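The values are calculated or read from the model by the stated rules, or taken from the named source; none is laboratory data. All values derive from a computational prediction rather than experimental measurement. When we count neighbours, we look across all protein chains shown, and the Cβ atoms used for this are built from the backbone with ideal geometry, even at glycine. Each accessible area value is taken on the protein alone, full model and side chains, heavy atoms only, with ligands, DNA and RNA left out. Shrake-Rupley method; radii C 1.70, N 1.55, O 1.52, S 1.80 Å.
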Amino acid sequence: MSESPATNDLRLLLIDDEEVIHNSVGDFLNKMGYQILHAYNGEEGLKTFAEEGADIVISDIKMPGLDGLDLLREFEQRGADIDVILITGNSDMDTAIEALRRGAFDFFNKPVKLHELIASLERTQRYQAMRREKDRIQEQLELLQRSGGTQTDPGEIIGESRAIKDALALVEKVSGAERTTVLIRGESGTGKELFARAIHDKSPRAAAPFVSLNCTAIPETLFESELFGHERGAFTDAKTSRKGMFELSGGGTLFLDEIGDMSQQAQAKILRALEERQVRRVGGDREISIDVRLVTATHQDLHQLQEEGLFRQDLYFRLNVFAIELPPLRARGDDILLLAYHFLHQYTTEFGKDIDRIEADAQNMLRQYHFPGNIRELRNIIERAVILCDGPALTA
């Protein structure tokens, strides 16, 4: 048998017209550490619940006046958030099905097997704890969406942990300094581009373009053309003139992700553009003035790279004017569940599924997992789970 739940201080309301049930079941539960309130019919049970409250109701079905099924209806009509376990001397399966259909948490025949009743009470407690956690997270999500306090668009940057709040406070401070370069550091999948967008959206440049380029996605041979543009005929496939990223982001923000993977040659050209605030297209013969705020990001240690001669020291100092460190997901505590419920809502809507919660076992798995892929990995996990889930909840 499970340990006594005395430390939980759960109040149980036992409603039954038979004294023997109060003496046997009631006394046993009291010895197990539960606080027991007694009522001997349905009307008395409703009055006791209204006056003293309870965490769980255990009620007989067959009673004079209001029976157990009537009680379920009354609790529902009164908006009472209460879980009800029903017991009966009648083993009619149709009655059991009707009781569960009306919202009973569990159903037992008399004589009640006390170890099964305790197991049911413990299941009810776990379910209530999970429901409270879900409600708490939902309240936080709704608060965030109403206030906009920790996100640029609804549902994007979500977090209540100290680490994420510290990072967002830095965004608030630097966003108004519209020419200051910003270096965002963090593991892959921590949301570096979202933070770059937040800096742009909160800055005086918000109405101008935000242009993003992943440095690892561009072949070395095309890198200069992508950044600075090219003139017609500059190389074989240059059929027309084309603006580069610096020009396209004019007046706005240019975000260069994974800047640590840039070649030394490209680094030199970036440095020149930043220092002179001018670019020259490939194959061009004139300088083009630029008005761009540069935000860069990396998962690498740029200081270590420049110590090893792999990253230009002068560019490192030019980029590292204002640094923001993003915490890995595993260091963000309950933010894991906040994000998980956000993605759950997103994908249930997208896939047309009716899944409204994450079971306690699955929550524990998420909390204990290391998340090497951080938020991106969590999003993928929830998307896959929603696709595979056929019930109302995600389970381990």
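Evaluated against (1) surrounded by 15 or more Cβ atoms within 10 Å (Cβ to Cβ); (2) under 17 Å from Gly186 (Cβ atoms); (3) not basic (Lys, Arg), Asp301 falls short on exactly one condition, (1). Checked against (1) in contact with a Ser or Thr (Cβ under 8 Å, 6 or more places away or on another chain); (2) surrounded by fewer than 18 Cβ atoms within 10 Å (Cβ to Cβ); (3) among the β-branched types (Val, Ile, Thr), Ile355 passes all but a single condition, namely (2). Take the residues in segment 139-164 that are assigned to a helix (DSSP H, G or I) and either of a type in the set (Ser, Thr, Tyr) or modelled with pLDDT of 90 or more (or both), then tell me which one is nearest to Gly191 (Cα to Cα). If we take residues in segment 139-164 being assigned to a helix (DSSP H, G or I) and either of a type in the set (Ser, Thr, Tyr) or modelled with pLDDT of 90 or more (or both), then Ile164 is nearest to Gly191 (Cα to Cα).
Within the option set Gln313, Gln368, being touching a helix residue (DSSP H, G or I) at 6+ places or on another chain (Cβ under 8 Å), open to solvent by 70 Å² or more (accessible area, probe 1.4 Å) and farther than 21 Å from Ile199 by Cα holds for one residue only, Gln313. Any residue that is closer than 15 Å to Asp261 by Cα, modelled with pLDDT of 90 or more and out of contact with any Gly (no Cβ under 8 Å at 6 or more places or on another chain) - is there at least one of those in segment 195-214? No: zero hits. In segment 30-40, the residue that is farthest from Gln77 (Cα to Cα) out of those that are crowded, with 17+ Cβ neighbours inside 10 Å and free of Cβ contacts under 8 Å to residues at least 40 places away in the same chain is Ile36.
Taking the criterion of being crowded, with 18+ Cβ neighbours inside 10 Å and assigned to a loop (DSSP other than H, G, I, E, B), the residues of segment 42-78 that qualify are Ala54, Asp55, Ile61, Met63, Leu66, Asp67. So in segment 288-311, with the set limited to residues that are touching a residue at least 24 places away in the same chain (Cβ under 8 Å) and assigned to a helix (DSSP H, G or I), which one is farthest from Ile324 (Cα to Cα)? Here the residue is Leu305. In the set (1) outside any strand (DSSP E or B); (2) surrounded by fewer than 19 Cβ atoms within 10 Å (Cβ to Cβ), the condition left unmet by Ala323 is number (1).
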